[in-house]
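Chemist: Starting off with a structure, shown below.
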Amino acid sequence: MSLSAFLSKNALKVENEKITVSNRFLSDEIDPETGKAIPMQWEIRAVTSTEDEELRKSCTKRVPIPGKKNQYQMETDANMYLGRLAVACTVFPNLNDKELQDSYGVMGADNLLKTMLTAGEYSNLIEQIQRICGFDSGIQEKVDEAKN
């Protein structure tokens, strides 16, 4: 056995993926088979563990434990985390573009995503991002797989 497979130069690079988040944003291209405009593709990247840790820290706060003086517990705001993860992973469209934010009347990339997408589209984006980042196989799936 050799550790050389773990060297940075030998590790496979995680490629960005293009996904369709919504059929409402149409490109100028026409599908020759259907004659209809092709939905715009979003470009999504995976974040590193270091980036993910920073995102989690930014969404975590100390909360007092009820009934226990001077004792706190750490709580992560899951919705805030997922929103910030979505922003960090989205390469295209540029969610920090002023013109794009102005067109929806919002400030901030996270607010833009939640305004421009329907609830189902946003959920689809989050699911795709979690898959691209490697969070797609949960413990329950592994338990079910082991049972079969």
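The values are calculated or read from the model by the stated rules, or taken from the named source; none is laboratory data. This one's a predicted model, so the numbers in the text were calculated from it and none came from an experiment. Here Cβ is always computed from backbone atoms with ideal geometry, including for glycine, and neighbour counts include all displayed protein chains. The area values use the complete protein model at the heavy-atom level, side chains included, leaving out ligands, DNA and RNA. Shrake-Rupley method; radii C 1.70, N 1.55, O 1.52, S 1.80 Å.
Chemist: Of all the residues that make up region 74-110, how many are in contact (Cβ under 8 Å) with a residue 60 or more places away in the chain and of a type in the set (D, E, K, R)?
Modeler: Adding up the residues that qualify gives 0.
Chemist: Output the residues belonging to region 45-86 that are within 19 Å of residue 131 (Cα to Cα) and among the hydroxyl-bearing types (Ser, Thr, Tyr).
Modeler: 48, 49, 50, 81, listed by residue number.
Chemist: Moving on to the next point. Residues that are out of contact with any helix residue (DSSP H, G or I) (no Cβ under 6 Å at 6 or more places or on another chain) and not hydrophobic (A, V, I, L, M, F, W, C): which helices (runs of 4 or more DSSP H) entirely in region 66-123 hold 3 or more of them?
Modeler: By residue number, 98-104.
Chemist: Name the one entry in 44, 30 that is within 19 Å of residue 113 (Cα to Cα) and either in contact (Cβ under 8 Å) with a residue 12 or more places away in the chain or open to solvent by 80 Å² or more (accessible area, probe 1.4 Å) (or both).
Modeler: Just a single option satisfies the conditions, and that option is 44.
Chemist: In the set 80, 40, 74, which member is touching a Leu at 6+ places or on another chain (Cβ under 8 Å) and not β-branched (Val, Ile, Thr)?
Modeler: Values: 80 fails: touching a Leu at 6+ places or on another chain (Cβ under 8 Å); 74 fails: touching a Leu at 6+ places or on another chain (Cβ under 8 Å).
So the residue among 80, 40, 74 that is touching a Leu at 6+ places or on another chain (Cβ under 8 Å) and not β-branched (Val, Ile, Thr) is 40.
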